[in-house]
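The values are calculated or read from the model by the stated rules, or taken from the named source; none is laboratory data. Predicted model, so just to flag it, every value in this text is computed and none were measured. Heads up, the Cβs are rebuilt from the backbone with ideal geometry, glycines too, and the neighbour counts pull from every protein chain shown. Areas reflect the complete protein model, heavy atoms only, side chains present, ligands, DNA and RNA absent. Shrake-Rupley method; radii C 1.70, N 1.55, O 1.52, S 1.80 Å.
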Amino acid sequence: MATHTLNNNLLKKTVNRSYIVFDGMDLTGKTSCIEAINSHLVEKRYNVCLTKGFGGGVLGKHIRQEFIPTVFNGIALNKHSSTYEALAAGLANIDAYETDVLPSLKYGKVVISDRALSCFYAYQVYANTDKQISFITDTEKLALEVFNGLFSGMNVHPGLYLFFKCSDENYTKRMSKRKESNMLDHRGLDYMHRVTDGYKKFSTLYGSFAKAPEIYWIDADRSQEEVIQHVKSIVDTYFEKHFIVPSF
């Protein structure tokens, strides 16, 4: 099994405090929270770029469509092998990074990303270790190589990570009400447990990063308003601590 680590030479990189990532389990209210925080920051006269780590760039939007499953007799079928999945997800991440993140930070904007490379690690590297749909037998190694390649090529990293999680009960309830799904939604609770463990592993690795970012776990079992108020408090305190001022 491949070793999950960050190479020592990568630890010399720094973070950009204006780069914020919301990530974690699906169906935890991430999107609603992002919209609320965006409005909150705009009211404070911050210039904000909203993007998606998976599907934020022009190319990434097209790649994201490939992750919508084909449903046959009520069963979701993967369109592609896990080899395609890992490479496509990696390409979507770097597309958003180069198309949205870097230009926006260059011009003094605050970047809020719905998912980032942390998502690639949790889903592709960690959670897929025992997935049996690949045309090759070494998909985990491939995904880890893609991850390390992307990580080493990114000179700017997030200064604040907010990871969202919820209970199995709430996840199941929210899944039953979901109108549109992707192929990852159909892999069950055990798969989502591995995804959550992948986020925990990533946060541990990234938390040892030189000039480490701030990392918070958000309990999404609470009401949406409680979650939003909690995240607002985190973001406001973070901005004050790191002297992040409006760019216009």
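Would you mind calculating the gained length between K241 and S208 on full extension (0.36 nm times residue separation, minus the Cα-Cα distance), in nm to one decimal?
Details: separation 33, 0.36 × 33 = 11.88 nm, distance 2.00 nm.
Additional length available on full extension: 9.9 nm.
Report the calculated FRET efficiency for D197 and N38 (r = Cβ-Cβ distance, R0 = 25 Å), to the nearest 0.05. The partial results should precede the final answer.
Working: r = 29 Å, r/R0 = 1.18.
That pair, D197 with N38, gives E of 0.25.
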Would you kindly derive the ³J(HN,Hα) couplings of segment 142-155 from the backbone phi angles with the Karplus curve 6.51 cos²θ - 1.76 cosθ + 1.60 (θ = phi - 60°), listing them in order in whole Hz, with x for Gly and Pro? 4, 4, 5, 5, 5, 4, 5, x, 5, 4, 5, x, 9, 8
Residues of type aspartates and glutamates that K201 reaches as a straight line, Cα spacing below 12 Å, ignoring anything fewer than 8 places off in the same chain: none
Please list the non-local residues whose amide H lies under 5 Å from the amide H of N16, H modeled 1.01 Å from N, same-chain partners needing a gap of 5 or more. H157, G159
With label points built 7 Å along Cα→Cβ from the Cα atoms of K141 and N47, find their separation and express it in nm. 4.7
Multiply the residue separation of K61 and D219 by 0.36 nm, subtract the distance between their alpha-carbon atoms, and state the gained length in nm to one decimal. 54.0 nm
Mind listing the long-range amide H neighbours of N47? Cut-off is under 5 Å, sequence gap 5 or more, other chains count too, H placed in the peptide plane at 1.01 Å from N. V110, S247, F248
Long-range amide H partners of G24 with built H, under 5 Å: F164
So for each of 157-166, 51-60 I average, over its residues, the number of other beta carbons within 10 Å; can you give me the resulting order with the highest mean first? 157-166, 51-60
Check cross-link reach from K241 to the aspartates and glutamates: straight Cα distance under 14 Å, and skip same-chain residues fewer than eight apart. E214
Sorted list, accessible surface of protein heavy atoms, 1.4 Å probe, largest first, for K201, K30, K106 is K106, K201, K30
